[in-house]
Structures are given as C-alpha cells and as structure tokens.
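A short write-up of the structure that comes next.
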Amino acid sequence: MSGAGISAESGLKTFRDSDGLWNNHRVEDVATPEAWRSNPKLVLDFYNHRRSELDVAVPNLAHIALADLEARYEVTVITQNVDDLHERGGSSQVLHLHGKLTQVRGEFSVDEVIEIGTKPIQLGDVNALGEQLRPNIVWFGEEVPLIMTAAHKCAQADVLLVIGTSLNVYPAAGLMDEVSDSCQIYLVDPKAEEISTNRKIRVYKEKAGTAVPALVRKLMRLPFNELH
Ligand code: APR
C-alpha cells in the first residue's frame, strides 16, 4: 500500500509535508465536490497543474523495486496516489483508491472513464452526453469504489508493505487492519511514528528509494516459510 511519500523522490509533492497547500489553497478545499460546484475552474486548474507534472516525473527506485517483486510474488499495489508512476515503474496490478490524474469522466457519469494522458481539460470540455469533464479523482467525501477490493486483497496478503503514507485518510488508512494475524507488515517512512497496534510491524525510518529496494532484495531471498 503506497501514499504520496513513494513519489516524493520523483519530485511530486506530498500532501502533508508541504503543509498540504497548493498555490495557497488547502488540498482539502480544492479536492471536494463543493469546490467543484462553487469554482470548477480552480479545481480544473489544480488538476491540470498536477497532471502536467507527470510529464517530468519519472518512477524512482522504490516503484521499480516493487515491480521487481513480481518476479517471485503475486503483487497488488494499492495506492492512494493519482500519479501513474507505479505503472510506469513496471507494476502490473495497480489499484488506484483515489483515482488517476490521467483519467477524466463526465461529471454525472461515474463509470465512463476517458484516458487523456497529461492533457489539460477546460470548462466547456464535455463527454459524448454533453456533461462537463471532471478529473476521475475520488474527492474528499466521495465514495471509494475500490475499497472493498483492496480490503479483500489485504485479507489474503502474506506480506503487506506500507510505503510513504501518513495513514491520515480513511478508508485507505484502515486497510492495515484488514490483514490476517499471520501477515508480516513492513512500514517505510522517514518520519514513521510508533503505531499502537498488536500487529507485527517492522518499521524502516528511511526514504522509500533507499528502504524499498533493500526490503525487496530481502523478500526475494527469503525462504517462503520465513516470511512470517
Ligand atoms: N519516502 C517514504 N516516505 C516519505 C518520503 C520518502 N522519500 N517523503 C515523505 N514521506 C512520508 C511522509 O513522512 C508522510 O508520512 O510520506 C507520507 C506522506 O503523507 P501524506 O502527505 O499525508 O500523503 P498520503 O498519506 O498519501 O495522503 C493520503 O490524503 O490528501 C489526501 O487523497 C489524498 O491520497 C491522499 C491522501
């Protein structure tokens, strides 16, 4: 499970390290249905700016190491991130809990997703039904369609890697509690705080670009019965 921290070394800002501001707007004030209703142009500009950053951001060693893990394990990446760096790093199973910057949809058509790459969208850009296009992003207060799929994957997991997330935002943050008692959890975050839980968690207080390749090398060598 990954958060904004895994993309920090690719140059994409995290939410809470940069005190959650974008152009002096709190993310919580822009990524909401209310902001979309009251100031759709501000919201479109916010996502156009973040989408354009994908043209210069590249996957880092953490994204690539997770893809390497697929050589031995069945790996599902559950990410809160809306960038496409896991896919470009080579991961083949990626669940975007909060949507994807490279996708848009009609504002009333939840299922009609349109891939636009890193192109901007403006007011007046509409889908085939004439609906204004909006980012295919899950905004604060909106349903998280993939959360049950993600919870089911966690329940089946032998190993859960939690990488670069402040575990501030639910329901994503609650996924850690879905794993079985025998699941080994590894947490990678340079600012990791002690987590009060009875689960087996090994904490790496390091950057993802350093800790994840080392952790993947370890997991690739381990005899399967020593995973737990
Ligand atoms: N490597 C690993 N972790 C890092 C790195 C790094 N190089 N740099 C920062 N971090 C950690 C921070 O210490 C922090 O704990 O990544 C975490 C980023 O936390 P947030 O900025 O809160 O991002 P995230 O947890 O993904 O936010 C969850 O909140 O704003 C909403 O929908 C948005 O998906 C986002 C959600």
Consider just the alpha-carbon atoms of the chain and return their Rg together with their Dmax, both in angstrom.
-> 18.0, 57
Across the range 26-31, in residue order, what do the Karplus-derived ³J(HN,Hα) couplings come to in whole Hz, using 6.51 cos²θ - 1.76 cosθ + 1.60 with θ = phi - 60° and x for Gly and Pro?
-> 5, 3, 4, 8, 9, 8
Enter the accessible area of Met1 (Å², nearest 10), with the probe set to 1.4 Å and all protein chains included.
-> 20 Å²
Which FRET efficiency value, to the nearest 0.05, do you get for Glu28 and Val110 by plugging their Cβ-Cβ distance into 1/(1 + (r/R0)^6) with R0 = 25 Å?
-> 0.70
For the chain, calculated [θ]222 nm from helices alone, where every DSSP H run of n ≥ 4 adds -39500 (n - 2.57) | -7500 deg cm²/dmol
Each residue of the range 86-93 in turn: what ³J(HN,Hα) in whole Hz from Karplus with 6.51, -1.76, 1.60 and θ = phi - 60°, glycine and Pro shown as x?
-> 5, 5, 5, x, x, 5, 9, 10
What order do you get for 104-111, 134-141, 10-17 when each peptide is scored by the mean count of other beta carbon atoms within 10 Å, highest first?
-> 134-141, 10-17, 104-111
What ³J(HN,Hα) values, in whole Hz, does the Karplus curve 6.51 cos²θ - 1.76 cosθ + 1.60 give for the range 184-193 when θ = phi - 60°, with x put for Gly and Pro?
-> 8, 9, 10, 10, 10, 6, x, 10, 4, 9
Distance from the range 59-120 to the range 157-215 (C-alpha centre basis), Å = 20 Å
Quick one: which of Lys13/Lys100; Lys119/Lys153; Lys100/Lys218; Lys13/Lys153; Lys13/Lys207; Lys191/Lys218 span more than 26 angstrom between C-alpha atoms?
-> Lys119/Lys153; Lys100/Lys218; Lys13/Lys153
Long-range amide H partners of Tyr186, meaning residues 5 or more apart or on another chain whose placed amide H is closer than 5 Å, are Leu160, Leu161, Val162, Arg202
Label-zone membership for the range 121-138, site Ser52, 7 angstrom Cα→C-beta point, backbone N under 14 Å = 121-122
Residues Arg221 and Glu143, FRET efficiency given R0 of 41 Å [Cβ-Cβ distance, rounded to 0.05] | 0.50
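The values are calculated or read from the model by the stated rules, or taken from the named source; none is laboratory data. Bear in mind that the values here come from a model prediction, so they are computed numbers and not experimental data. Quick reminder, even Gly has a Cβ in these numbers, built from the backbone with ideal geometry, and neighbours come from all protein chains shown. Protein only, heavy atoms only, side chains kept; ligands, DNA and RNA dropped before computing areas. Shrake-Rupley method; radii C 1.70, N 1.55, O 1.52, S 1.80 Å.
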